[in-house]
Amino acid sequence: MLRIHPDGSATVVAGATELAPFDAITASSRSTVCIGNGLLDACADAKRRLAALAANLDAVPPETVTVENGCVHTPTRTRAYGEVIEKAYGAGEEGVIGLSEFRQRPDPKHPLGGPVLFYEIIYVATEVEVDKEAGQYEVTNLATVADIGKAILPLFVVGQDKGSAMMSLGQAMMEHLLFDARGRPCNRGARDYRIPTTMDLPRRMTSLLLENANGPGPFGAKGSASPSRRPSSTSFLPHRACGSKPCRSPPNASDGP
């Protein structure tokens, strides 16, 4: 929901259970596509409402009214958003509210119940150095290339990709859950279940964004980050360097060649 105030400012009203109907969560890589498209539709709805108000004030057809750059233009005059709202509703009123919803279109013939709302493609490459005698390894170089469509906030996208790639390294190289003879986890705490820290960052990290504006989101945006969070083939690299066959993930020095 988008609210335009009499002073011309706009506020995005955050969703809450008392304001929005029940739905699946909109989080992570779904946010840009789902929330972004919903926000664009809410803006368009608010502009239609402003145009209707201005058309009524100046007694002109609504199709002759344009709304852009903070102003409403009719064939006879131009007003700021706040002026239109105050003229139409009077001083002290809340303003214009634009509403929208963005949902997956149902398709009973589709195996997933409908078309995919969004998609994301990310490639991850890593280089690993192995000390065969000590049985230690280090990820020296990590690079991600994301087909992002359009990066609305490029720094945020790069941070998402790098953070997700580090989660992938953790799952592939460190996070080994151990069980006792009765199937109970033995390393249930942060002390003995290892996850990546700043000391485990690769020496070099690079994140590249491919922007072709061909996605389903605002301005052609797509989802981001989640694919680079999947456990990667990085865990096979120490085995390859030692000439051994991978037998498990994460790798362990005791696996041997």
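Yes/no matrix, rows are residues, columns are (1) in contact with a Cys (Cβ under 6 Å, 6 or more places away or on another chain); (2) in the same structural domain as residue 217 (by TED's automatic domain parsing):
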{"site": "36", "(1), (2)": "no, no"}
{"site": "43", "(1), (2)": "no, no"}
{"site": "54", "(1), (2)": "no, no"}
{"site": "62", "(1), (2)": "no, no"}
{"site": "70", "(1), (2)": "no, no"}
{"site": "84", "(1), (2)": "no, no"}
{"site": "132", "(1), (2)": "yes, yes"}
{"site": "137", "(1), (2)": "no, yes"}
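Out of the residues in the range 131-154 that are closer than 18 Å to residue 217 by Cα and out of contact with any helix residue (DSSP H, G or I) (no Cβ under 8 Å at 6 or more places or on another chain), which is surrounded by the most Cβ atoms within 10 Å (Cβ to Cβ)?
Only one residue tops the list, namely 147.
Name the one entry in 84, 128, 124 that is under 25 Å from the mean Cα position of the chain (by Cα), crowded, with 20+ Cβ neighbours inside 10 Å and among the β-branched types (Val, Ile, Thr).
On the way: 84 fails: under 25 Å from the mean Cα position of the chain (by Cα); 128 fails: under 25 Å from the mean Cα position of the chain (by Cα).
Only one candidate passes the filter, namely 124.
Taking the stated definitions as given, is residue 157 in a strand (DSSP E or B) and either at pLDDT 85 or above or surrounded by 14 or more Cβ atoms within 10 Å (Cβ to Cβ) (or both)?
no
Of everything in the range 184-230 that's over 20 Å from residue 123 (Cβ atoms) and part of a helix (DSSP H, G or I), which residue is farthest from the chain's Cα centre (by Cα)?
199
Just one of the numbered conditions (1) touching a helix residue (DSSP H, G or I) at 6+ places or on another chain (Cβ under 9 Å); (2) free of Cβ contacts under 8 Å to residues at least 40 places away in the same chain; (3) assigned to a helix (DSSP H, G or I); (4) surrounded by 15 or more Cβ atoms within 10 Å (Cβ to Cβ) is not true of residue 56; which one?
With (1) touching a helix residue (DSSP H, G or I) at 6+ places or on another chain (Cβ under 9 Å); (2) free of Cβ contacts under 8 Å to residues at least 40 places away in the same chain; (3) assigned to a helix (DSSP H, G or I); (4) surrounded by 15 or more Cβ atoms within 10 Å (Cβ to Cβ) applied to residue 56, the lone miss is (4).
Looking at (1) among the charged types (D, E, K, R); (2) surrounded by 14 or more Cβ atoms within 10 Å (Cβ to Cβ); (3) assigned to a loop (DSSP other than H, G, I, E, B), which is the only condition residue 94 fails?
The one condition residue 94 does not meet is (2).
The values are calculated or read from the model by the stated rules, or taken from the named source; none is laboratory data. All of these numbers come straight from a predicted model, not from anything done at the bench. In this analysis, Cβ positions are derived from the backbone assuming ideal geometry, glycine residues included, and neighbour counts consider all displayed protein chains.
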